[in-house]
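Everything on this sheet refers to the single structure shown next.
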Amino acid sequence: MNRRSLLGAALPSLLTLQARAQPAATATAAPSAGAVLPESAVADGASHPLSSRFASLAEAQQVYPHATALEDELDWCAIQAAINAATRQGGGTVQVPHRGRAYVLNRGLTINPNMVTLRGGGARLEFRSLKRGERAVWFNADGSPAYGHERYAFEGFEIVGPGARAEGTAGLYFRSDTPSASSRAMVRDCVVRGFHEAVLFGDRAYLIHFDHCALIESRFCVSCPYGLKDAGETISFSQCTLANSYCLVVNTAGFDLKFVACSLDYAQRVVWDNNGLIDMIGCRVEIGPPRDPPFHCNHGRINFFGGFILVTDPQNRGPLPPAFFAFNNASASVHLFSVQGWNWRTSTGRLTQGGGKVFRYSGDAIDTAEGIGHP
């Protein structure tokens with residue numbers, strides 16, 4: 001059984017970054033038009049470090065002041081230069097053309113989501129050489145007004161990392177250090193794959209929305225770690241896919257997370273260490289036979305409104321989990337409203353493990369698999 005069987009006039013050139021011939025050139029942008037990616041980006045899927053064009057770092061910094069080493073990639077330098085130019089002018093749009101092959105970046109991009117729109121039109125950004133602790137795209141609102149993010153977005157990119165086993169790497173990272181600022185953002189039409197954490201939240205990350213995105217092939221798709229400051233209010237996902245990863249959602253920080261019409265597929269753990277409120281509205285969960293409880297709450301609550309939870313391959317003869325929902329505390333709970341379920345099998349015959357409760361429809365507490373879902 002699987003899901004299918006169940007559901008039946010161009011802007012003038014504003015930025016021209018010259019190489020050796022004009023080492024003093026810098027990225028500029030007209031205030032009314034925003035920034036356009038400079039021609040110095042190669043975007044052919046190959047590595048082009050600054051050392052291939054400049055004899056010294058000092059020479060390279062005449063063109064790219066933000067460069068820190070001759071190993072920095074030209075594609076990274078060009079895109080970050082355009083972002084910096086848009087920020088200096090007080091806001092604007094950076095257009096990264098889709099040229100058929102990848103942009104190769106050795107370092108992460110930093111963007112102010114309250115001032116800059118970064119638009120890719122399907123462009124592929126490869127961060128395969130990211131090191132431990134590095135982020136591919138950092139949304140940092142320091143130095144911007146507290147409001148105004150509604151006018152800007154990050155959209156149309158495929159972000160590729162060094163792999164799910166590259167510990168400490170993250171695809172999209174949201175953190176601001178200024179108390180009055182927040183890394184609120186709109187992320188649309190993006191694919192993020194191949195990171196230890198596809199999306200990682202930090203201090204002052206709230207009012208962030210993801211629309212029509214895929215977070216896949218990572219160790220963790222969405223990570224909300226413990227100990228954050230002023231973070232977690234209204235993080236939402238609409239028509240997104242979280243899939244093919246070890247764990248889809250970690251909510252140790254206790255965020256308010258909302259998933260609307262999303263697909264959460266093929267992971268050993270769907271929700272882990274939930275200390276907040278997670279609403280799943282019209283979502284489809286499809287996983288292979290789990291070895292451990294796929295849903296785990298510490299102090300938190302999960303609400304399912306409609307949708308279904310399907311365990312595929314019911315004939316699997318591997319070990320069954322002791323429970324489907326695991327709880328650390330009596331205050332934790334899962335609430336099922338008009339949810340369909342298939343193949344919720346456990347080794348104990350019980351749905352729950354620990355002190356929490358599962359409630360369905362009218363609010364009756366249940367703790368066994370009997371009577372839940374379909375045969």
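The values are calculated or read from the model by the stated rules, or taken from the named source; none is laboratory data. Only a predicted model underlies this, so the values are computations on that prediction, with no experimental measurement involved. We place every Cβ from the backbone using ideal geometry, glycine too, and count neighbours over all the protein chains shown.
General remarks:
- Tabulated pairs, segment 181-202, first within 16 Å of Ser245 (Cβ to Cβ), second among the polar types (S, T, N, Q) and part of a loop (DSSP other than H, G, I, E, B), C-beta under 7 angstrom, 6+ apart or interchain: Arg193/Ser218; Gly194/Ser218; Phe195/Thr169; Phe195/Ser218; His196/Thr169; His196/Ser218; Glu197/Ser218; Ala198/Ser218
- The set of residues from segment 66-94 being over 17 Å from Leu125 (Cβ atoms), crowded, with 22+ Cβ neighbours inside 10 Å and modelled with pLDDT of 95 or more comprises just one member, Ala67.
- Any hit, segment 152-166, residues being surrounded by fewer than 17 Cβ atoms within 10 Å (Cβ to Cβ), touching a His at 6+ places or on another chain (Cβ under 7 Å) and under 26 Å from Asp273 (Cα atoms): no
- Yes/no for Asp279 being over 15 Å from the mean Cα position of the chain (by Cα) and either hydroxyl-bearing (Ser, Thr, Tyr) or closer than 15 Å to Phe304 by Cα (or both): yes
- Test: residue in segment 210-221 that is in contact with a Ser or Thr (Cβ under 8 Å, 6 or more places away or on another chain), more than 22 Å from Pro290 (Cβ to Cβ) and surrounded by 22 or more Cβ atoms within 10 Å (Cβ to Cβ): yes
- Members of segment 252-278 that are over 14 Å from Cys240 (Cα atoms) and among the acidic types (Asp, Glu): Asp256, Asp273
- Any hit, segment 228-240, residues being out of contact with any Cys (no Cβ under 7 Å at 6 or more places or on another chain), of a type outside the set (Val, Ile, Thr), surrounded by fewer than 21 Cβ atoms within 10 Å (Cβ to Cβ) and farther than 16 Å from Ala185 by Cα: yes
- Condition met for Pro31 (within 24 Å of Met115 (Cα to Cα), at pLDDT below 95 and either exposed (fewer than 14 other Cβ atoms within 10 Å of the Cβ) or in the same structural domain as Leu105 (by TED's automatic domain parsing) (or both)): yes
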